[in-house]
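Down below is the structure, laid out as structure tokens.
The values are calculated or read from the model by the stated rules, or taken from the named source; none is laboratory data. Because the structure is predicted, anything quoted here is derived from the model rather than measured. With ideal geometry, Cβ positions are generated from the backbone for all residues, glycine too; neighbour counts draw on all protein chains shown.
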Amino acid sequence: MVELETRELEYFIAVADELHFGRAATRLSIAQPALSKAIQRIETRLGVPLFVRSSRHVELTPAGEALREHGRHALNAVGAAVRNARRAGDLDPHLRLVLKPGGDAGLLSGILAEYSQQPAARRVDILFSGPADRTDFLRDGRADVGLLYAPFDNLDGLACEILHTEDRVAILPATHHLAAQEGVRMSELAGETLPRWKGIPAGAGDGTGPEVADVVQLLHMIAVGRMIGVLPRSLVDPAPPGLVCLPVIDAPPSHLVLAWNEQDHRPLVTSFVAAARRTLRTA
């Protein structure tokens, strides 16, 4: 007997991600009292508390942590099953590629040009993701391939090809006390305000500053002195007026990778990966 329905898992995951019933209700487009009652029904049915609630905060219990981890995989699997069924019946499939805006290090046009030369090339649909959900696009079947950044994106269960390696830079206002240096170390950035990226679960990131949804918002907040940022160089090169980019001397390099589900061996995917590899060899 199935003890939880897909919709109930979606409700639970939303609260587990947000750790706030009001924000989770807004995300789900339902009333907060209805969401609270749904979570109570889930806890009653499972026989274990999933959240510790107080007037000031919400946190997961050990049972809640376990359900969040496995429940997310279950939702991804259901989504992938539906999409794969539809895809199997598609007589003219398109290749779907996900990336963050500006997150291709200038390589995508060359890869697309190389891919288009193949006799079996299909139309490529470009999908733009939020700051932290590109891997979800690949795992649940919304996208076939993606441009991800390692070590920032979790590559578990994905095959990948490194396309580009680069250093990370600290983005600072030109008036910042470190701005005149040629480079900085991570220790020099300790205590600085860093962004909270939208879509990253509460407590999962290092940022303590205002929430931002993309690099454009981040750069604006840096320009008005609310925070600094640390990003792969290609995302902010050249620096906008009023900002400076300094190499972070002791930060590990960032890798732009082409990633796909390691179980996906369809010609639609393998041909695109091969085109990317040929582009790198001729670059």
Hey, Leu158 under 24 Å from Ala274 (Cβ atoms), of a type in the set (A, V, I, L, M), in contact (Cβ under 8 Å) with a residue 60 or more places away in the chain and buried (at least 17 other Cβ atoms within 10 Å of the Cβ) or not: yes
All positions within region 222-261 that are of a type in the set (Lys, Arg) and more than 24 Å from Arg277 (Cβ to Cβ): Arg226
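Yes/no per residue for (1) surrounded by fewer than 16 Cβ atoms within 10 Å (Cβ to Cβ); (2) over 22 Å from the mean Cα position of the chain (by Cα); (3) of a type in the set (Val, Ile, Thr); (4) closer than 17 Å to Val169 by Cβ:
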residue: Leu194; (1), (2), (3), (4): no, no, no, yes
residue: Ala213; (1), (2), (3), (4): yes, no, no, no
residue: Val236; (1), (2), (3), (4): no, no, yes, yes
residue: Val273; (1), (2), (3), (4): no, no, yes, no
Residue list for region 246-271, restricted to those being within 23 Å of the chain's Cα centre (by Cα), outside any loop (DSSP other than H, G, I, E, B) and over 12 Å from Val145 (Cα atoms): Val248, Ser254, His255, Leu256
Qualifying positions in region 21-64 - among the hydrophobic types (A, V, I, L, M, F, W, C) and not in a helix (DSSP H, G or I): Ile30, Ala31, Val48, Leu50, Phe51, Val52, Val58, Leu60
Thr165 being touching a residue at least 24 places away in the same chain (Cβ under 8 Å), farther than 21 Å from Thr279 by Cβ and not acidic (Asp, Glu): no
Qualifying residue in region 220-235 (condition: assigned to a loop (DSSP other than H, G, I, E, B) and assigned by TED's automatic domain parsing to the domain that holds Ala159): no
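Rundown of residues vs (1) farther than 24 Å from Trp197 by Cα; (2) surrounded by 15 or more Cβ atoms within 10 Å (Cβ to Cβ); (3) over 19 Å from the mean Cα position of the chain (by Cα), yes/no style:
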{"site": "Pro33", "(1), (2), (3)": "yes, no, yes"}
{"site": "Gln40", "(1), (2), (3)": "yes, no, yes"}
{"site": "Gly47", "(1), (2), (3)": "yes, no, yes"}
{"site": "Ser55", "(1), (2), (3)": "yes, no, yes"}
{"site": "Pro62", "(1), (2), (3)": "yes, no, yes"}
{"site": "His73", "(1), (2), (3)": "no, no, no"}
{"site": "Ala77", "(1), (2), (3)": "yes, no, no"}
Residue, surrounded by the most Cβ atoms within 10 Å (Cβ to Cβ), within region 238-271, restricted to residues that are touching a helix residue (DSSP H, G or I) at 6+ places or on another chain (Cβ under 8 Å) and farther than 30 Å from Met186 by Cα: Trp260
Which numbered condition Leu67 fails, given (1) part of a helix (DSSP H, G or I); (2) surrounded by fewer than 14 Cβ atoms within 10 Å (Cβ to Cβ): (2)
Residue under evaluation Asp104, criteria (1) modelled with pLDDT under 90; (2) in a loop (DSSP other than H, G, I, E, B); (3) out of contact with any Asp or Glu (no Cβ under 8 Å at 6 or more places or on another chain); (4) closer than 30 Å to Ser254 by Cα, criterion not met: (1)
